[in-house]
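Undergrad: Okay, here's the structure, questions in a sec.
What follows is calculated from the coordinates using simple rules that are stated; it is not laboratory data. Everything numeric in this text was worked out from a predicted model, so none of it was measured. Cβ sites come from the backbone with ideal geometry, for glycine too, and all protein chains shown count toward neighbours.
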Amino acid sequence: MQTYVGLEAEATSISDYEPGVIPGLLQTADYAQAVHEGALPRLTAAVIDQRIEVRRTRQKILTRDDPPQLRAVIDEAVLHRVVGSPKVMAAQLAQVIEGSDLPNVTMRVLPYSAGAHPALDSTFVLLEFAHPMPGVVYVEGLVGQVYLERPQDVERYTEIFESLCALSLGEQASINLMAKLSVAYTEQ
C-alpha cells in the first residue's frame, strides 16, 4: 500500500472506477471502518484504526495547494449497498456531495441502466503524472494488486474510463441521486 500512497500523492490526475465502494479519497471514517470490518481475514481493531488514519492522511491531497484532479465513477450499486448502517450511508453520501463541490473533484454514477460495460468485472485507478513521468494503472483484487505501466495498458484503461464516464449520469444528475438517497437513509 505504501507504493500506491506514494504514487497517489505525486499524481496530477486520478481516475478511479469503483464498482463496490465509495472511493477511499472520499470515504468517511465510519464508512471505512465498516468496509474494513467486513474484510477477510478479519482485521484487528488496531489495524483498522491505522488504515483509517492512513486514509484520512491520503484525503488531504484533495485540498492541498495544487491538488490532483479526481474523477471518480461509482456503480449505482454502491449507493444502495448499506455499509455500516443507514446513518453511516447518509453521512457518507453527504461527504461525497460536499467533496464534489471542490473544483478538482468530479463524481459520476454509472446507472444500472448502463447494462454491460467495459469494466464490468474490474476495479481500477488510473494515475497520471507531470511530464515526462508515464501514467500507471493500479488494479486491486482479492489476491493482491497489480501496477500496469506499459503505454498500451495505460491507454486501454484510459479509453475504458472515458467510456464509463460517457455511460454514467452527468455530474449534477449523479449528485441529485446521491442527495435523494442520503435523505432516504436519514429517514430510516
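Undergrad: For the modelled label position 7 Å from the Cα of Ala179 along Cα-to-Cβ, which residues of the stretch 81-111 have backbone nitrogen atoms closer than 17 Å?
TA: Under cut-off, by backbone N: 90-103, 106-109.
Undergrad: If you don't mind, there's one more thing I want to ask. Once fully extended, how much extra length lies between Gln188 and Met133, figured as 0.36 nm per residue of separation less the alpha-carbon to alpha-carbon distance?
TA: Here the answer is 15.0 nm.
Undergrad: Follow-up. In the chain, what % of DSSP beta bridges are antiparallel (nearest 5)?
TA: Rounded to the nearest five, the antiparallel share is 55 percent.
Undergrad: What FRET efficiency comes out for Tyr147 versus Thr106 if R0 is 35 angstrom and r is the Cβ-Cβ distance? Round to the nearest 0.05.
TA: Efficiency, rounded to the nearest 0.05: 0.90.
Undergrad: What number, in percent, do you get for the relative contact order of the chain if the mean sequence gap of Cα pairs under 8 Å and at least 6 apart is divided by its residue count?
TA: 28
Undergrad: Next question, about the same structure. What shape does the stretch 31-83 have by the C-alpha gyration tensor, where a ≥ b ≥ c are the square roots of the eigenvalues, rounded means a/c under 1.5, and otherwise prolate means a/b greater than b/c and oblate the rest?
TA: In terms of gyration-tensor shape, oblate.
Undergrad: Another question, if that's okay. Could you tell me the extents of the stretch 2-186's C-alpha atoms along the three principal axes, largest first, rounded to whole Å?
TA: 46, 40, 35
Undergrad: Give me the number: length gained by fully extending Glu140 to Thr44, i.e. 0.36 nm times residue separation minus the C-alpha to C-alpha distance, one decimal in nm.
TA: Additional length available on full extension: 32.4 nm.
Undergrad: In whole Hz, what ³J(HN,Hα) sequence does the stretch 20-37 give by Karplus (6.51, -1.76, 1.60; θ = phi - 60°), x for Gly and Pro?
TA: For the stretch 20-37, the Karplus-derived couplings read x, 9, 5, x, x, 5, 10, 7, 7, 5, 5, 5, 4, 4, 5, 4, 5, 5 Hz, x marking Gly and Pro.
Undergrad: Continuing with the same structure: I'd like the Karplus ³J(HN,Hα) series for the stretch 109-114: coefficients 6.51, -1.76, 1.60, θ = phi - 60°, whole numbers in Hz, and an x wherever there's a Gly or Pro.
TA: Ordered by residue, 3J(HN,Hα) equals 10, 8, x, 3, 5, 5 Hz.
Undergrad: On to the next question. Once the dipole of the chain is set up with Lys and Arg at +1 and Asp and Glu at -1 on Cβ about the Cα centre, which of Leu102, Ala34, Ile160 lies farthest towards its positive end?
TA: Toward the positive end, the furthest listed residue is Ala34.
Undergrad: So, one more: Per-residue counts of other Cβ atoms within 10 Å, averaged by peptide: what ranking do you get for 68-77, 37-46, highest first? Could the numbers behind the result be given before it?
TA: Values: 68-77: 20.9, 37-46: 9.7.
The densest-packed peptide leads the list: 68-77, 37-46.
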